[in-house]
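First the structure, in the form of structure tokens, and then the observations on it.
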Amino acid sequence: MGYLKLLLVLSLFAPAALGQKAEKMTVKVYFHPDKVDPQWDDCNKVHAVARTIPKTASVATAALRELLKGPSPDEAKEFSGFGPPETSGILKSVNVKDGTAYVNFTKLALQQMGNATTSCGGGFFAMADATLMQFPTIKKVVYAIEGSTNDFYEWVQVGECPYGKKHCAASNFK
């Protein structure tokens, strides 16, 4: 039994010990180009920035987590977006099925992302939508707060979830 544990430990740490690098992948995150475009006045206009991240099967979740980190110091010279502290702890899950990304936020989003629902703050969702829809498996994004689409869409002053019962069901948000 001890021999099997040793083999398991070696298989987990051998690549790092032998100098092999973990696989990487590139995703795009989208921010507002307001700092480089003096004529920028469209909150839905976003610009892609490439980020290199550890390779993962959960690319939509990883890309959205990158967006929630906000622009890096270098990116912030040209672009604006939301980042910590507003975005800390707000993402609960991303579930992709049948061409739709179901993004489930925690209740912290209500407390920390107040600007996301006002004037150009609504542009946050243009950034999130573009970040998620870069993937060919995602054609639509539906949001919820703790599994409730109505809570989310009332918060952003849309009213009820505009996508019908099939897409607005709490069971989509795991």
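Work out the length of the dipole vector of region 23-73 about its Cα centre, built from +1 on the beta-carbon of each Lys and Arg and -1 on the beta-carbon of each Asp and Glu, and round it to the nearest 20 debye.
320
Considering only protein heavy atoms, what per residue accessible area in square angstrom results for region 65-113 with a 1.4 angstrom probe?
That works out to 48 Å² per residue.
Rounded, prolate or oblate: which one fits region 98-174, using the alpha carbon gyration tensor with axes a ≥ b ≥ c (rounded when a/c is under 1.5, else prolate when a/b beats b/c, else oblate)?
The shape class here is oblate.
Can you sort Y30, Y143 by 1.4 Å-probe accessible area, starting with the largest?
Values: Y30 35, Y143 10 Å².
Listed by decreasing accessible area, they come as Y30, Y143.
Order 88-94, 129-135 from most to least packed using the mean count of other Cβ atoms within 10 Å.
129-135, 88-94
Multiplying the sequence separation of V156 and D41 by 0.36 nm and subtracting their Cα-Cα distance, what value in nm do you get?
Numbers: separation 115, 0.36 × 115 = 41.40 nm, distance 2.01 nm.
Result for the pair: 39.4 nm of gain on full extension.
Using amide H atoms built 1.01 Å from N in the peptide plane, name the residues 5+ places from K92, or on other chains, whose amide H lies under 5 Å from its own.
Hits under the 5 Å cutoff: N104, F105, T106.
As a test question: what accessible area, to the nearest 10 Å², does R51 have when a 1.4 Å probe is rolled over all protein chains in place?
In the full protein context, R51 sits at about 30 Å².
Determine the per residue accessible area of region 118-174 with all protein chains present and a 1.4 angstrom probe, expressed in square angstrom.
49
Per 0.36 nm of contour for each residue apart, how much would the distance between A50 and K69 grow if the chain were fully extended, relative to their Cα-Cα spacing?
Details: separation 19, 0.36 × 19 = 6.84 nm, distance 1.34 nm.
Contour length minus the Cα-Cα distance gives 5.5 nm.
The values are calculated or read from the model by the stated rules, or taken from the named source; none is laboratory data. Only a predicted model underlies this, so the values are computations on that prediction, with no experimental measurement involved. Neighbour counts are summed over all protein chains in view; Cβ atoms, including those assigned to glycine, are modelled from backbone coordinates with ideal geometry. We work out accessible area using only protein heavy atoms, side chains counted, and drop any ligands, DNA or RNA first. Shrake-Rupley method; radii C 1.70, N 1.55, O 1.52, S 1.80 Å.
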